[in-house]
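J.: Before we start, here is the structure in question, set down as structure tokens.
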Amino acid sequence: MSAALATRQTVAAILFVGVLAVVPIIADDYQIAVLAQVFLTAIVGIAWNLMMGYAGQLSLGHALYFGVGAYVLAILTERYGVSPWLAMIPAAVVPGVFGILIGALGFRFSVRGVYFALLTIAFAEMARIGFEHWDYVGKNGGFFLSALTSANNPMRSLRGGATFIYYALLICMVLTWSLSIVLVRSRLGYFWRAVREDEDAARAMGVKALRHKLLVVAISAAITGIAGAWFALINGSLFPDSVLGMRISIDLIVAPVVGGLGTLFGPIFGALLVVPVNEFTRSLSQSFSINGLNLLFYGVLLMVIVKIAPHGCWPAIAGWLRLSKHGRS
Amino acid sequence: MTGPIGEPANVLEVRSLTRRFTGLVAVNNVTFEVPKGSITALIGPNGAGKTTCFSMISGAMRPSAGEIIYDGRNITGLKPEELCALGMARTFQIMRPLSGMTAIDNVTVGALLHNPSVRLARGAAFDVLARVGLAEKAEMPAAMLTLPDRKMLELAKALSTAPRLLMLDEVMAALRPVDSDRIVEVLRQIRNDGVTILLIEHVMRVVMALAEKVIVLHHGEKIADGEPAAVVSDRRVIESYLGRKAKAV
Amino acid sequence: MSVFDLYANAVLNGLMIGAIYALIATGLNIIFGVMRVVNFAHGEMVVIGMYIGFAVWKFSGLPPLAAVPIATLVMFMAGYLFQRAIGNDFVDQPQHIQFVFYIGLGLTITGLHAVIFGPDPRGIQDAMSFVSYRIGIFRVDASRLNAAAAALIIIFGLWAWLRYSLTGKSLHAAGENLTGGKVIGIRISHVFALTAAIGMACAGTAGALIAPLYDVTPYLAYEFTLTAFIIVIVGGLASLPGALVGGLLIGVSEALAAAIVSPSAKSFISYSLLIVMLLIKPDGLFSPRRTSR
């Protein structure tokens, strides 16, 4: 990559984050909350993109990691009084372990492509049903974090108002983004892409495909788990339906696909597009009292984007902005 | 069988190698040796079982019976990535470039096997590309390379893993003589650097020019084994193959 | 009623609903088998059929069974047009792209249903709804029996057509060997459109058959989609008998799970079965053994 391109990219990235850092000064609480949602979606999108966009493994059960991370953090902080900072670790590790188990099962039995996707769906759905029947987490009735009092210290409880959440998630998103950049440019990035392109050819070149596939699943699952943990902290209540199962899995993948798989900024761009549109159509739906309008718009949007820009919207735009050499990497 | 200082004289020994599919025996009790530092050719008509042998040797397919000895060590059943780490590299008859990646990225993947950092690996990869004449096209996406260049890339990918045994599957196929001559030169240089080469080939011109030893397969069985001149005049070989398919120049 | 009677009836009911599942799965089998397309909107097609069944009954007072041929025809034509106009462009795309496209399609259809019919359940109540027969220990609802019988007739009819008619055979051929098919002159875009038409017609017909049995809401769709995929994997992608056996198997196991454990546990068994099949024999129960590595 030329030095000029690298400089342009760095400058653009700094500008981007800088602008986001000052937005809360001029935006209202609702807009801030929507952007926070964008950041959360972007974090999961980056995680999923590592697995699908770079390593080529299609997971449609990422909700499993999201939900498990959410419940782990919620249970530890609520029932055991663990500090949320500390609880983030198991919220990442436990989903990571699940990822390795599912991956090991799938890869060991050479379950690839569509079949692997179905496998992940099955596990995510079973988790949802399992949690729906589990008394300890309140089954379908929900699991609730205690209400915030005026004595709440956001830095300790990691819960707070819209602005606090905004900055917390912005920082997480930047960290996740940086991590993904480092990983993709490392040996891992090369091995993942090789496995994506042609696993057998990669193995013939000495790439330890199994190890690297498991690694990407573990990392992807762990990051998604942390995002789930934040979801719990933000919403204060968890229902199996809202964090587990295939419906949620589908929600999680729309943004990175729309933004652009196999690119570093694509998932963020996708989240920037998709989340506000979803919000907008949802409020349209409500104000006209027409149920389902948001689904309709969302569905049409997906089909249109996938038809005219199957590699996502970001690659073309990055090209115009002269921020990339050519489409995918 | 060892040489003077206790090292095996043969880089590769294949013993009674057999592979059965339902209703078909693709490779039947094949035994041969590939001497260290040699260029050995494996020839035979289409369907003789040559690529199947390669697949078994390189770990992509499990033999139904038989053993494969590499450097004195029984490697039967090891996985492709393990064998590559031990110094065995192969190219594929149907080329398998990593199409979404650039040429240099393709080769870097292999170079990372023996280079600890990405920077060093890319440097080594560039050297390999230069060696096969693809230096100017390093940043091109592999999918956009011409056929001869893709062949070179396939060779470069194998070379990047710093192999001691290089297995080439019909690397000359569909090339114009000027391009295949280029590859022949590169292969000679590689051999002079101490790499043993085992190649499957149809283009007889190349086999006669390069190979010191020729093994002939027909219907999955070995029918001849020896120096090119001897093999070429072997009756059975002529009947089975050379009489119909010789691509003399 | 003794526990045995309960379970026996559960099995019978499971078989009947299983026959209808089998019809849904047959449709998906044909689509996936011939085109290798992952139609994640299959469940939505079933729901379209259900709404057609409901609407016909509501607005014309005809018996629900009359809606079935209407649903079949509508879905057949819609499927053909859809595939020719848009679907064919996606057949060559990578699988995750197909997934997103069909998910989008599904959401669009569900959204339309919600907008047109509203989210509340709609049910058919007609004379047949309350008729049931007693045969020994079994208690059989007439409407359920009719639906299952109709489903079986359609399935066998479809099999026969695929095996013995020229078009049917070319469909089968296209599925087996696409390049070969092209070489001998089968018009691929037409064949694919026909495939989609048949597949979606199966789904829609099944929906119309189900309409008298269950209330319809827009959100039923995704369970149908998942169940169809489970059946197709368990029974086998290349195998139509597999879809039938798979459908019956899933129908029965769900009914038993609901009877023995609890209604919401029924999917648990199905998913476990799916996982086991994916690991051990992803080509399904009825496919020939894959050659080993």
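The values are calculated or read from the model by the stated rules, or taken from the named source; none is laboratory data. Since the model is a prediction, treat every value here as computed from it, not as a measurement. Glycine gets a Cβ as well: all are built from the backbone with ideal geometry, and neighbour counts include every protein chain shown.
J.: Modelled with pLDDT under 85 and closer than 30 Å to A:LEU58 by Cα, is that true of C:PRO94?
T.: Yes, satisfied.
J.: Determine which member of the set C:LEU226, C:LEU278 is more than 15 Å from the chain's Cα centre (by Cα) and of a type in the set (A, V, I, L, M).
T.: The match here is C:LEU278.
J.: At least 1 residues that are away from chain A (no Cβ under 14 Å) in each: list the strands (runs of 3 or more DSSP E) lying fully within region B:27-129 that qualify. First the steps, then the outcome.
T.: Values: elements: B:39-43, B:65-70, B:88-90.
Hits in region B:27-129: B:39-43, B:65-70.
J.: Test A:LEU73 against the stated conditions and say whether it is aliphatic (A, V, I, L, M), within 14 Å of another protein chain (Cβ to nearest Cβ) and touching a helix residue (DSSP H, G or I) at 6+ places or on another chain (Cβ under 9 Å).
T.: No.
J.: Continuing with the same structure: Mind listing whichever residues of region B:114-167 are surrounded by fewer than 22 Cβ atoms within 10 Å (Cβ to Cβ) and under 20 Å from A:ARG203 (Cα atoms)?
T.: B:HIS114, B:ASN115, B:PRO116, B:SER117, B:VAL118, B:ARG122, B:ALA124, B:ALA143, B:ARG150, B:ALA162, B:ARG164
J.: Restricting attention to region B:96-130, which residues are charged (D, E, K, R) and modelled with pLDDT of 90 or more? Quick ask: steps written out before the conclusion?
T.: Kept after step one, since they are charged (D, E, K, R), are these residues of region B:96-130: B:96, B:105, B:119, B:122, B:127.
Once the filter is applied, which keeps residues that are charged (D, E, K, R) and modelled with pLDDT of 90 or more, region B:96-130 yields B:ASP105, B:ARG119, B:ARG122, B:ASP127.
J.: Has region C:203-223 got any residue that is away from every other protein chain (no Cβ under 14 Å) and either in contact with a His (Cβ under 8 Å, 6 or more places away or on another chain) or at pLDDT below 85 (or both)?
T.: yes
J.: Further question on the same structure: Of the conditions (1) polar (S, T, N, Q); (2) surrounded by fewer than 24 Cβ atoms within 10 Å (Cβ to Cβ); (3) under 18 Å from C:GLY33 (Cβ atoms), C:SER253 satisfies every one except a single condition; which number is it?
T.: For C:SER253, the exception is condition (3).
J.: Can you work out which of the residues in region C:114-129 that are surrounded by 18 or more Cβ atoms within 10 Å (Cβ to Cβ) and facing chain A (nearest Cβ under 7 Å) is nearest to C:PHE54 (Cα to Cα)?
T.: So the residue we want is C:ALA114.
J.: While we're looking at this one, here's another question. So which residues in region C:91-105 are under 18 Å from C:GLY204 (Cα atoms) and either facing chain A (nearest Cβ under 7 Å) or acidic (Asp, Glu) (or both)?
T.: C:ILE103, C:LEU105
J.: A follow-up question, please. Any idea which residue in region A:282-295 is nearest to the other protein chains (Cβ to nearest Cβ), counting only those that are within 23 Å of the chain's Cα centre (by Cα) and buried (at least 20 other Cβ atoms within 10 Å of the Cβ)? Talk me through it step by step, then tell me what you get.
T.: Here is the first cut: in region A:282-295, the residues within 23 Å of the chain's Cα centre (by Cα) are A:282, A:294-295.
Next, from what is left, pick out any that are buried (at least 20 other Cβ atoms within 10 Å of the Cβ): A:294-295.
Values: A:ASN294: 7, A:LEU295: 3 Å.
The residue in question is A:LEU295.
J.: Something else about it: Any idea which residue in region B:130-144 is farthest from A:SER2 (Cα to Cα), counting only those that are within 14 Å of another protein chain (Cβ to nearest Cβ) and within 23 Å of the chain's Cα centre (by Cα)?
T.: The qualifying residue farthest from A:SER2 (Cα to Cα) is B:ALA143.
J.: Determine whether A:VAL258 is of a type in the set (A, V, I, L, M), more than 25 Å from A:TYR54 (Cβ to Cβ) and more than 7 Å from every other protein chain (Cβ to nearest Cβ).
T.: The answer is no for A:VAL258.
J.: Which residue is nearest to B:THR102 (Cα to Cα), if the candidates are limited to region A:305-326 and must be within 8 Å of chain C (Cβ to nearest Cβ) and surrounded by fewer than 21 Cβ atoms within 10 Å (Cβ to Cβ)?
T.: Step by step, filter region A:305-326, then rank; the result is A:PRO310.
J.: Regarding region C:261-269, can at least one residue be identified that is surrounded by 21 or more Cβ atoms within 10 Å (Cβ to Cβ), modelled with pLDDT under 90, out of contact with any Lys or Arg (no Cβ under 8 Å at 6 or more places or on another chain) and away from chain A (no Cβ under 13 Å)?
T.: There is no residue in region C:261-269 that is surrounded by 21 or more Cβ atoms within 10 Å (Cβ to Cβ), modelled with pLDDT under 90, out of contact with any Lys or Arg (no Cβ under 8 Å at 6 or more places or on another chain) and away from chain A (no Cβ under 13 Å).
Yes/no matrix, rows are residues, columns are (1) modelled with pLDDT of 90 or more; (2) out of contact with any helix residue (DSSP H, G or I) (no Cβ under 8 Å at 6 or more places or on another chain); (3) assigned by TED's automatic domain parsing to the domain that holds B:ASN115:
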position	(1), (2), (3)
B:LEU147	no, yes, yes
B:LEU153	yes, no, yes
B:VAL171	no, no, no
B:ARG188	yes, no, no
B:VAL207	no, no, no
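J.: Restricting the first residue to region C:144-173 and requiring it to be within 21 Å of C:GLY247 (Cβ to Cβ), which pairs with a second residue that is exposed (fewer than 13 other Cβ atoms within 10 Å of the Cβ) and among the aliphatic types (A, V, I, L, M) meet a Cβ separation below 9 Å and a spacing of at least six or different chains?
T.: C:GLY168/C:ALA160
J.: Same structure, new question: Considering each of C:ALA41, C:ALA25, C:ALA71, C:ALA78 in turn, give the residue that is more than 15 Å from C:THR205 (Cβ to Cβ) and modelled with pLDDT of 90 or more.
T.: Among C:ALA41, C:ALA25, C:ALA71, C:ALA78, only C:ALA41 is more than 15 Å from C:THR205 (Cβ to Cβ) and modelled with pLDDT of 90 or more.
J.: Another question, if that's okay. For a quick check of your reading of the model, give me the residue pairs whose first member lies in region A:235-246 and is within 21 Å of A:ALA36 (Cα to Cα) and away from every other protein chain (no Cβ under 13 Å), whose second is surrounded by fewer than 24 Cβ atoms within 10 Å (Cβ to Cβ) and hydroxyl-bearing (Ser, Thr, Tyr), with beta-carbon atoms closer than 9 Å and at least 6 apart or on different chains.
T.: Hits for this filter: A:ASN235/A:SER242; A:GLY236/A:SER146.
J.: I'd like to check something: does region C:88-109 contain any residue that is in contact (Cβ under 8 Å) with a residue 40 or more places away in the chain, assigned to a helix (DSSP H, G or I) and closer than 14 Å to C:ILE210 by Cβ?
T.: no
J.: Oh, and also: For region B:139-249, list the strands (runs of 3 or more DSSP E) that sit wholly inside it and hold at least 1 residues that are more than 23 Å from B:THR18 (Cβ to Cβ) and in contact (Cβ under 8 Å) with a residue 24 or more places away in the chain; which are they?
T.: Per the criteria, B:165-169, B:196-200.
J.: Within the group A:VAL17, A:VAL44, A:VAL68, which residue is assigned to a helix (DSSP H, G or I) and surrounded by fewer than 24 Cβ atoms within 10 Å (Cβ to Cβ)?
T.: Criteria check complete, one pass: A:VAL17.
J.: Residue check, A:MET88 against (1) in a helix (DSSP H, G or I); (2) within 14 Å of another protein chain (Cβ to nearest Cβ); (3) crowded, with 18+ Cβ neighbours inside 10 Å, all met but one. Which one?
T.: (2)
J.: Right, another one. Within region C:9-31, can one find any residue that is among the aliphatic types (A, V, I, L, M), touching a Phe, Trp or Tyr at 6+ places or on another chain (Cβ under 8 Å), surrounded by 24 or more Cβ atoms within 10 Å (Cβ to Cβ) and more than 20 Å from C:ASP215 (Cβ to Cβ)?
T.: Yes: region C:9-31 contains one or more residues that are among the aliphatic types (A, V, I, L, M), touching a Phe, Trp or Tyr at 6+ places or on another chain (Cβ under 8 Å), surrounded by 24 or more Cβ atoms within 10 Å (Cβ to Cβ) and more than 20 Å from C:ASP215 (Cβ to Cβ).
J.: Give me the residue from region A:168-198 that is free of Cβ contacts under 8 Å to residues at least 24 places away in the same chain and more than 30 Å from A:ALA33 (Cα to Cα) and, out of that set, surrounded by the most Cβ atoms within 10 Å (Cβ to Cβ).
T.: For region A:168-198, the residue satisfying everything is A:ALA194.
J.: Given the condition assigned to a loop (DSSP other than H, G, I, E, B), farther than 30 Å from B:GLY23 by Cα and free of Cβ contacts under 8 Å to residues at least 24 places away in the same chain, answer yes or no: does some residue in region C:253-276 qualify? First the steps, then the outcome.
T.: The initial filter retains those residues of region C:253-276 that are assigned to a loop (DSSP other than H, G, I, E, B), namely C:261-262.
Now restrict to residues that are farther than 30 Å from B:GLY23 by Cα: C:261-262.
From the residues that got through so far, the ones that are free of Cβ contacts under 8 Å to residues at least 24 places away in the same chain too are C:261-262.
Yes, some residue in region C:253-276 is assigned to a loop (DSSP other than H, G, I, E, B), farther than 30 Å from B:GLY23 by Cα and free of Cβ contacts under 8 Å to residues at least 24 places away in the same chain.
J.: Counting residues that are at the interface with another protein chain (Cβ under 8 Å from one of its Cβ atoms) and touching a Phe, Trp or Tyr at 6+ places or on another chain (Cβ under 6 Å), which helices (runs of 4 or more DSSP H) fully inside region A:107-218 reach at least 3?
T.: Filter on region A:107-218 gives A:113-132.
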